[in-house]
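J.: Structure below; questions to follow.
The values are calculated or read from the model by the stated rules, or taken from the named source; none is laboratory data. All of these numbers come straight from a predicted model, not from anything done at the bench. Virtual Cβ from ideal backbone geometry, glycine too; neighbours counted across all protein chains shown.
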Amino acid sequence: MVQLRIFIPFVLVVVFSLTTVFAQTSAPEIKCEKKSNTSCEECLKQVECLWCKTTKKCINYPVKTILPPHSLCPLAEARWGLCWVNFQTLIITLSVIAGVIIIAVLVCCFCCCKCENIGSKRVEAKMERQADKRKTRQDERKAEMKMRHDEIRKKYGLSGANPYARFENN
């Protein structure tokens, strides 16, 4: 029973790998070169195909290089995905859009940081005004308390030079 448990996953892996191999090899391959000298639309029905407008050739897209080399097809004449979009226009458009996005992000970051600093300066100024008001009120209360204490000292005759001197009974 233990040997059967080990054997079943092994058999399943082998069966799935064989079906995958047979499924890949049995599919008919459509080469892009067969669609040369037809139309751009016919060539670009296959995703892996690249159409060169000047030579009217349909070739496999060179996936190892991001852009097709000039020797294969000039960028202005290369079409991939859509017949009316060439690589040169696509590159220029994407770089302009990327530049605008980068500039917009930098401007937003600059404005946000600047606005944040302005806001913090406002908050600091408001806190400083409140602290000044508290200090003023505290000084007023101190002066009031001092006046009351002086009045009490006068009332009871304690307004002498030294408040810690002994009381003298006369």
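J.: Among the listed residues Gln46, Gln24, which satisfies the condition of being at pLDDT below 85 and either on the phi < 0 side of the Ramachandran plot or in contact with a Cys (Cβ under 7 Å, 6 or more places away or on another chain) (or both)?
T.: Answer to the selection: Gln24.
J.: Could you check, for segment 71-85, whether at least one of its residues is free of Cβ contacts under 8 Å to residues at least 24 places away in the same chain, assigned to a strand (DSSP E or B) and more than 25 Å from the chain's Cα centre (by Cα)?
T.: Of segment 71-85, the ones free of Cβ contacts under 8 Å to residues at least 24 places away in the same chain are 71-76, 84-85.
With the extra rule that they be assigned to a strand (DSSP E or B), the set shrinks to 84-85.
From what's left, more than 25 Å from the chain's Cα centre (by Cα): 84-85.
Yes, there is a match, as at least one residue in segment 71-85 is free of Cβ contacts under 8 Å to residues at least 24 places away in the same chain, assigned to a strand (DSSP E or B) and more than 25 Å from the chain's Cα centre (by Cα).
J.: Whether any residue in segment 35-42 is exposed (fewer than 10 other Cβ atoms within 10 Å of the Cβ), at pLDDT below 90, not in a loop (DSSP other than H, G, I, E, B) and not acidic (Asp, Glu) is what I want to check.
T.: There is no residue in segment 35-42 that is exposed (fewer than 10 other Cβ atoms within 10 Å of the Cβ), at pLDDT below 90, not in a loop (DSSP other than H, G, I, E, B) and not acidic (Asp, Glu).
J.: Just to be sure before I move on: is Ile118 in a helix (DSSP H, G or I), of a type outside the set (Phe, Trp, Tyr) and modelled with pLDDT of 90 or more in the structure I sent? Step through it out loud before you land on a result.
T.: Working: in a helix (DSSP H, G or I): yes; of a type outside the set (Phe, Trp, Tyr): yes; modelled with pLDDT of 90 or more: no.
No, not satisfied.
J.: Let me ask something else. Kindly provide the set of residues from segment 46-59 that are surrounded by fewer than 13 Cβ atoms within 10 Å (Cβ to Cβ) and more than 34 Å from the chain's Cα centre (by Cα), ordered by number. Explain how you work it out, then say what you get.
T.: Pass one, segment 46-59, residues surrounded by fewer than 13 Cβ atoms within 10 Å (Cβ to Cβ): 47-48, 54.
Residue satisfying the conditions is Thr54 alone.
J.: Sort through Val105, Val85 and tell me the only one that's modelled with pLDDT of 90 or more and of a type in the set (A, V, I, L, M, F, W, C). Give the steps one after another, and end with the answer.
T.: Values: Val85 fails: modelled with pLDDT of 90 or more.
After applying the criteria, what remains is Val105.
J.: Residue under question is Ile97, and the condition is that it be modelled with pLDDT of 85 or more and on the phi < 0 side of the Ramachandran plot; does it hold? Walk me through it before giving the result.
T.: Numbers: modelled with pLDDT of 85 or more: yes; on the phi < 0 side of the Ramachandran plot: yes.
The answer is yes for Ile97.
J.: So, one more: Tell me which of these Cys52 doesn't satisfy, since it passes every other one: (1) free of Cβ contacts under 8 Å to residues at least 24 places away in the same chain; (2) in contact with a Pro (Cβ under 9 Å, 6 or more places away or on another chain).
T.: Result: Cys52 passes all but (1).
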